[in-house]
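A short write-up of the structure that comes next.
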Amino acid sequence: MNTFMTGVHVVAALATVLVVGYLGRWAARAAGQPPVVGELAVGMLIGPALLGWLWPQAKQVLLPTPVLDVLGQIGHAGLVLYLVGVAHELRLDSSRLRDRAIPWTTVGSLLPSLLAGSVLAGWLLWGDRPELRGTTPVLAFVLMVSIAMAVSAVPALARILTDRGLTTTRSGRLAMTSAVIIDALAWLMLAVVLGIEKGGASGIAFTVVVLVAGLVATTVVRRLLAHEPAGRFAERLPRVAAVLVAAGALSSAAWAEKWGLTGIFGAFVVGLMLPVGSAHWDAPVRWVAKLGLWLVPVFFITAGLKLWTGSGGIPWLVAVVATVLAVLAKIGGGYFFSRRGGEDQPGSLRVGVMLNTRGLTEIILLQTGYNAGVITPALYLALLVMALVTTVMTGPLLTAIDRFLPADRAPRREVGHAFTK
């Protein structure tokens, strides 16, 4: 296949994937689910599964290796751009941190989930099935599975809260604040996992050095961008600012991968660099994140095709066990510890259900672990099922709580989630 025909094939395949992604989002909204559920379903499960079962030769005909490689790069770029918006949303209002219910809720959602992940990892280690266990060091494996169980997806949760009008309720603010803290800790733990996989103690030390350097750069650049001249530039030329943010994110991701980390951290560094609470930068960040959001289905489908090729299918027993443990840990832990923090029964139950949402953050973490060789394709698919089920559960469970328990009528206060609206 010559270069011209490859280019035509890539354009046609990209257009098809974007249409499929749009249909997935439309179907999810029609079913009352977050759009990410539809994207995940068509990208990671339905598309690759149907191609593999109904037409085994479809991959070579429709997406030969040269085309799939280019689509993979486009999808990865979309993921990086989307994560700029995610990182920009990982911010905390200091006034909210003074609420005594926040540490109780955060601990209640995090620790039981980490324990559940350790139990699941221990069961998989005891079974010693190569297609599930892999060859990664035991500590890295246990930490990776534990992180996967502990995540509460900030983007998916923000979208659910916005769609259901819960953003400004007390339970909504409490769940979002706890999710931000949990996700931030999850990304740091993921860095430790990658360091262990990279080379034990030396790998962890190198990772810590890179993270500290990134933190210093983030602090310095954020202060520079917070100055009035930079703000005026972003306000007057928002499209130019968006292009510069996107270019910075892609470059930072490439450098992170060159240093042996993942492009995710490069995207996060750029997202955290942008000033918090500055209206000047909201539009550029929103445009970059929305472009990434449109391209993310490309990432799902290309990754899904590679996974289904080497996984042998979904290990359903593992998927069911992981889902049960995940739900019990998140909803149960969130509920009981929120009650300890002084919340009433309906509010505590809502918080537990909200924090059970894993969404896209979970998938990105799993994909990172898979790319690093920490988890196998079969285990990836089992945990993917868990992520989809727990995210799909959120809306119906909240509806049931609203029907049978009193509504949350806490005083309203606006909480911004610009890129999810």
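The values are calculated or read from the model by the stated rules, or taken from the named source; none is laboratory data. Treat the numbers as computed from the prediction; the structure is a model and nothing was measured. As a convention, Cβ positions derive from the backbone with ideal geometry for all residues, glycine included, and neighbour counts pool all protein chains shown.
Look at Ser152 and say whether it is buried (at least 24 other Cβ atoms within 10 Å of the Cβ) and in a loop (DSSP other than H, G, I, E, B).
Yes; evaluated as a whole, the condition is true for this residue.
Mind counting the residues in region 297-321 that are at pLDDT 70 or above, of a type outside the set (Val, Ile, Thr) and not in a helix (DSSP H, G or I)?
Residues in region 297-321 being at pLDDT 70 or above, of a type outside the set (Val, Ile, Thr) and not in a helix (DSSP H, G or I): 1 in total.
Where in region 6-110 are there helices (runs of 4 or more DSSP H), lying wholly inside it, with at least 2 residues that are among the polar types (S, T, N, Q) and either under 26 Å from Trp316 (Cβ atoms) or modelled with pLDDT of 85 or more (or both)?
Passing ranges: none, list empty.
Return the residues of region 204-253 that are surrounded by 13 or more Cβ atoms within 10 Å (Cβ to Cβ), among the hydrophobic types (A, V, I, L, M, F, W, C) and within 30 Å of Ala140 (Cα to Cα); say none if nothing qualifies.
Those that are surrounded by 13 or more Cβ atoms within 10 Å (Cβ to Cβ), among the hydrophobic types (A, V, I, L, M, F, W, C) and within 30 Å of Ala140 (Cα to Cα): Ile204, Phe206, Val208, Val210, Leu211, Ala217, Ala249, Leu250, Ala253.
Within region 249-268, is even one residue modelled with pLDDT of 80 or more, within 27 Å of Gly195 (Cα to Cα) and either aromatic (Phe, Trp, Tyr) or not in a helix (DSSP H, G or I) (or both)?
Yes, some residue in region 249-268 is modelled with pLDDT of 80 or more, within 27 Å of Gly195 (Cα to Cα) and either aromatic (Phe, Trp, Tyr) or not in a helix (DSSP H, G or I) (or both).
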